[in-house]
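Written below as structure tokens is the structure these notes are about.
What follows is calculated from the coordinates using simple rules that are stated; it is not laboratory data. Keep in mind that what you see is a predicted model, and the values were worked out from it rather than measured. We place every Cβ from the backbone using ideal geometry, glycine too, and count neighbours over all the protein chains shown.
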Amino acid sequence: MNNMILSINGLAKSYKDFTLKDASFEIEQGTVMGLIGQNGAGKTTIIRLIMNMINRNGGTVKVCGLDNINDEIAVKNKIGYVSDESFFFYNTNLARTAKACSYAYDNWDADKFADFLKKWELPEKKKIAALSKGMQTKAMLAVALSHNPELLILDEPTAGLDPVARIEILDLLRDFVSDGKRSVLFSTHITGDLDKIADVITLIIGGQIRESMSIDAIEDRYAVISGANSKLTSENEKYTIGLRELNTGFESLILRENLSKFDGVSVKNPNVENLLTFSIWQNRKESSK
Amino acid sequence: MTMVQRKRAAKLQKTMYLYSRYGRAWVIMLFVAVLQIAVTVGASMAGLVEGIFQVAHCMAMFTFLHFLACMFPIGVDNDINEKITQDAYHGSVMPAKFMCSLPFEARDLLNFKLIMWEKAAAVNVLFVTLGQVISLIAESRGYTVYHGVAGLFTLMAIITEIIFIIAFLLKKNILNIFLGVFIGFSFAFSCDIMDEMSGMSPDAMSSLKIFSGVSGIIIYIAATLIIAAAGELYIKRKKNVSWNMFKKG
């Protein structure tokens, strides 16, 4: 039985100055996937293509086995979407927003929405324009969760939130996937959040998916080494990924299988941030050649 | 347009209207029009001849508001461009992402625009009808001063509609709105002049009235059907319709 909530295959989108090439990855039921990459790498483009906000040039997007264009309404009933910026109508309030959602979603749960408003102390009648950024993000999350979606897509949701709000949202995401049937696609720059909740990481650089692996596999596959510059030779340098050379020494990501090429270096387990930053530096190095 | 598409578009419209100050203004204007007809008919049935005269006089001034009211939905439909739709509806805020995160098909928005065209035309027809009702009632009561008003109403409406259609073809939304405002005020002004022309022959514009009344309605219906058919073809031609909210990803 296919237990994939989201299947993206060969997704492509071209702009004048940016191309998303052959993006493919899958999200299993009950998992949180972190979508990471630098600014302009294509994370938001992928999310917009999933939401059919922009025309694609190729590939397919399937949510719970349904095509996101041919079955757009069914798909959007299954997706809860939180944008990187507040997308509500500023001149209205959350009560009217909820009313609009009740027209739109097949399974809108007004009680659930009211519970979220109460829990997060969101004023129902206050104009959305008058709400703080954190409150607006929580409001988007409340809308996204109140129609009982199977896939939650969050585009930089925790940026600009205070630590308490961030932790609360991460807890909520953990609860969301706890039944093992629902999943989260979480795009963020705050990689520390992903260390806390992500099960799978997909790394995108320059419009290309570089890695899509479980968070445990990062440690199994990679290591971060550091040491004196004298330990770096022309022979072992080719095994480095995103080498950083400073006056005080060097630091690099390497494949764990290549550890034997380096003597007298300190080794530590990489985190999501290490994977992201070293991969970007490696990409820059390759691009400049 | 299939019934399912129409239903979805109506649902989208319902959702969008919740936020649309212009949409609400449009509904209020429609209500005013209906109220005016009701008051006129009521006054006529009650034999308040003088009252009809007063109502008709006020309506000449009021009706230009319908032009303004119609202008917004027509203006929205004049451009197959979602961004302009959003701008027209919500001013400074773009609710694009919210709308396309909701369970609507991108092509629902196109269908929605066709429905808006039909509604705009319906208001215009109502407006023409209004002129006819006033004129006929006043005429039956022996008042001849407003004989030409209904004709003028419809003539101005035809001109407006033609200009709107030209603007639609040229996809110039702003031009459309300016023209609408200009014509609306011109119309109100011309009605005011009519009020002063008490010595006018009662039959001077009756042929124009009949011509413009009948042809006006036909033109409205034809224009709506043409636009709807063109829109239908446009939607059918477009494969993989997306909301196209963003120029760049």
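Hey, got the average number of other protein chain Cβ atoms within 10 angstrom for residues in A:53-60? All intermediate terms of the calculation are to be shown ahead of the outcome.
Numbers: counts 13, 10, 8, 2, 1, 0, 0, 0.
For peptide A:53-60, the averaged partner shielding equals 4.
In plain terms, the chain from A:S287 to A:A74 could stretch by 72.5 nm, reckoned as 0.36 nm per residue minus the Cα-Cα distance. Span-like helix criteria (full DSSP H runs; alpha carbon extent of at least 20 Å along the helix axis; mean Kyte-Doolittle hydropathy of at least -1.0) are satisfied in chain A by A:163-177, A:272-288. For A:W120, nonlocal amide neighbours, meaning residues 5 or more places apart or on other chains whose placed amide H falls under 5 Å from its own, do not occur. Among A:I204, A:I36, A:I54, the residue with the largest mean-square fluctuation in a Gaussian network model of chain A, with springs joining Cα atoms closer than 10 Å, is A:I54. Taking Cα centre as origin and charging only the Cβ of basic (Lys, Arg, +1) and acidic (Asp, Glu, -1) residues, the dipole magnitude of region A:174-259 rounds to 140 debye.
In the calculated pair-distance distribution of chain A, the portion above 26 angstrom amounts to 49 percent of the Cα-Cα pairs.
Length gain on complete extension for the stretch A:D195 to A:N148, per 0.36 nm per residue less the alpha carbon to alpha carbon distance? Mind dumping the intermediate values first?
Values: separation 47, 0.36 × 47 = 16.92 nm, distance 2.57 nm.
Value of the extension gain: 14.3 nm.
When the Gaussian network model of chain A links Cα atoms closer than 10 Å, the mean-square fluctuations of A:N70, A:N57, A:N274 top out at A:N70. Given region A:101-217, what percent of its DSSP beta bridges are antiparallel, to the nearest 5? Given both bridge residues lie in region A:101-217, the antiparallel proportion sits at roughly 55 percent.
Provide the convex hull volume over Cα atoms per residue for region A:22-143, in Å³.
Once divided by residue count, the hull of region A:22-143 is 139 Å³.
Quick check on the exposure proxy: order A:K238, A:K76, A:K289 from fewest to most C-beta atoms within 10 angstrom. Before the final figure, lay out each step's value.
Working: A:K238 10, A:K76 25, A:K289 4.
By the 10 Å Cβ count, ascending: A:K289, A:K238, A:K76.
Pairs exceeding 18 Å between alpha-carbon atoms, taken from A:K99/A:K127; A:K76/B:K97; A:K21/A:K76; A:K99/B:K11: A:K21/A:K76.
The distance between label points at A:K118 and A:N91 comes to 3.3 nm (points 7 Å beyond Cα on the Cα→Cβ vector).
For the pair region A:75-148 and region A:1-49, the centres of their Cα atoms are 25 angstrom apart.
For region A:76-93, putting each phi into the Karplus relation 6.51 cos²θ - 1.76 cosθ + 1.60 with θ = phi - 60° gives couplings of 6, 5, 8, 10, x, 10, 10, 7, 6, 9, 4, 10, 6, 7, 5, 8, 10, 10 Hz, in residue order, rounded to whole numbers and with x for Gly and Pro.
Residues whose amide H comes within less than 5 Å of that of A:M51, counting only those at least five positions distant or on another chain, are absent (H built at 1.01 Å from N in the peptide plane). Among the GluC sites (Glu not before Pro) found in region A:55-133, those both in a DSSP coil and sparsely packed, with 16 or fewer other Cβ atoms within 10 Å of their Cβ, are A:E85, A:E121, A:E124.
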